[in-house]
Amino acid sequence: MSLENKVAIVTGAARGIGLAVAKRFLTDGAKVVIADVDDDAGQAAVDDLKQFGDVTYIHCNVAERLDVRNLVAETLNAYGDIDILVNNAGIVVGADFLELEEEDLDRVLGVNLKGTFLCSQAVARHLVERVQNGGEPGCIINMSSINSVLAIPNQIPYCVSKGGVAQLTRTTAVALAPYGIRVNAIGPGSIMTDMLASVNHDPAAKNRILSRTPMLRVGEPSEIAGVAAFLASSDSSYVTGQTIFADGGRLPLNYTVAVPDDL
Ligand SMILES: NC(=O)c1ccc[n+]([C@@H]2O[C@H](COP(=O)([O-])OP(=O)(O)OC[C@H]3O[C@@H](n4cnc5c(N)ncnc54)[C@H](O)[C@@H]3O)[C@@H](O)[C@H]2O)c1
């Protein structure tokens with residue numbers, strides 16, 4: 001198993017993509033800490049996943065420095081080490097540009113961008129110390145998005161935060177490269193989670209997505225987990241500072257696709 005004996009923290013893993021990453025890491029042999037703000041869903045995730053391996057829930061708002069410090073301390077207390085961090089927690093707040101509230105901008109940047117920074121710095125401090133003591137380097141994986149490079153006019157904080165995550169990935173990767181610590185990102189396209197739930201009941205929204213998706217389907221969380229498993233494993237040992245887009249072909253597409261009525 002490619003992650004045998006590794007310890008991984010996955011933020012925002014009570015549901016959706018993070019939950020799929022946690023499950024995949026467990027089946028690949030890792031011990032997993034699920035960090036989330038939704039305690040009920042986090043505990044339910046642990047109950048669900050414990051059949052696959054050693055998994056724990058820790059409450060953590062990634063936008064709060066003290067919560068993040070506690071997350072690292074509790075993980076080290078429980079497992080003695082940390083090898084992999086997946087910065088997956090993310091939120092969206094939709095508003096047209098002229099109506100966007102300052103506090104909504106702060107909230108989204110606080111979770112998606114500052115949260116990624118806080119968790120990365122806290123875990124990197126542990127990893128660097130470990131390397132300096134002769135240990136293995138470990139790695140960090142950030143959940144970016146196709147919206148790090150594409151624009152949605154009523155999702156300004158989200159797009160800006162993910163653009164920031166892409167650049168944070170590059171800068172952190174360069175800063176930590178001397179220690180052998182790798183930092184990469186995943187840029188999902190449209191993935192079927194609660195974040196995209198409205199699409200199930202809204203044919204116009206579904207059409208909007210599929211007309212921009214050459215593979216003509218929404219992705220599954222497990223398809224993002226597969227990329228995370230690659231980036232967490234030694235198979236990607238010379239890959240750092242990259243964003244791997246798993247988007248059904250959206251970014252290479254220029255024109256839109258004709259969507260059959262029966263899809
Ligand atoms: N679903 C998609 O189509 C899609 C596409 C591109 C990128 N992404 C990114 O993937 C990640 C996961 O998305 P998802 O669709 O699974 O979302 P989701 O809404 O289904 O799950 C997000 C999880 O993050 C948790 N969370 C929210 N704020 C938090 C905080 N402050 N601290 C800790 N946990 C917090 C939530 O409680 C929830 O469990 C996000 O970063 C998102 O931006 C998703």
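The values are calculated or read from the model by the stated rules, or taken from the named source; none is laboratory data. Bear in mind that the values here come from a model prediction, so they are computed numbers and not experimental data. Every residue, glycine as well, gets a Cβ built from its backbone with ideal geometry; the counts of neighbours run over all protein chains shown. Calculation scope for accessible area: heavy atoms of the full protein, side chains included, ligands and nucleic acids excluded. Shrake-Rupley method; radii C 1.70, N 1.55, O 1.52, S 1.80 Å.
Structure summary
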item: Condition broken by Ala185, with the remaining ones in (1) farther than 19 Å from Thr116 by Cα; (2) within 13 Å of the ligand (Cβ to nearest atom) satisfied; result: (1)
item: Close pairs from the range 138-157: first more than 11 Å from the ligand (Cβ to nearest atom), partner outside any helix (DSSP H, G or I) and aromatic (Phe, Trp, Tyr), Cβ under 9 Å, at least 6 apart; result: Val149/Phe245
item: Which listed residue is farther than 21 Å from Ala95 by Cα and charged (D, E, K, R), from Arg212, Arg208; result: Arg212
item: Subset of the range 24-43 [of a type in the set (Asp, Glu) and within 16 Å of the ligand (Cβ to nearest atom)]; result: Asp36, Asp38, Asp39, Asp40
item: Selected residue (criterion: farthest from the chain's Cα centre (by Cα)) from residues of the range 1-23 that are surrounded by fewer than 24 Cβ atoms within 10 Å (Cβ to Cβ) and within 15 Å of the ligand (Cβ to nearest atom); result: Lys23
item: Whichever residue in the range 189-205 is hydrophobic (A, V, I, L, M, F, W, C) and away from the ligand (no atom under 11 Å from the Cβ) and, among such residues, is nearest to Met143 (Cα to Cα); result: Ala205
item: Considering residues of the range 68-114 that are open to solvent by 80 Å² or more (accessible area, probe 1.4 Å) and more than 16 Å from the ligand (Cβ to nearest atom) only, the residue farthest from Gln167 (Cα to Cα); result: Asn77
item: The range 169-182 - residue that is open to solvent by less than 30 Å² (accessible area, probe 1.4 Å) and among the hydrophobic types (A, V, I, L, M, F, W, C) and, of those, nearest to the ligand (Cβ to nearest atom); result: Ala173
item: Selection count where residues are open to solvent by less than 60 Å² (accessible area, probe 1.4 Å), more than 12 Å from the ligand (Cβ to nearest atom) and within 23 Å of the chain's Cα centre (by Cα), scope the range 211-232; result: 4
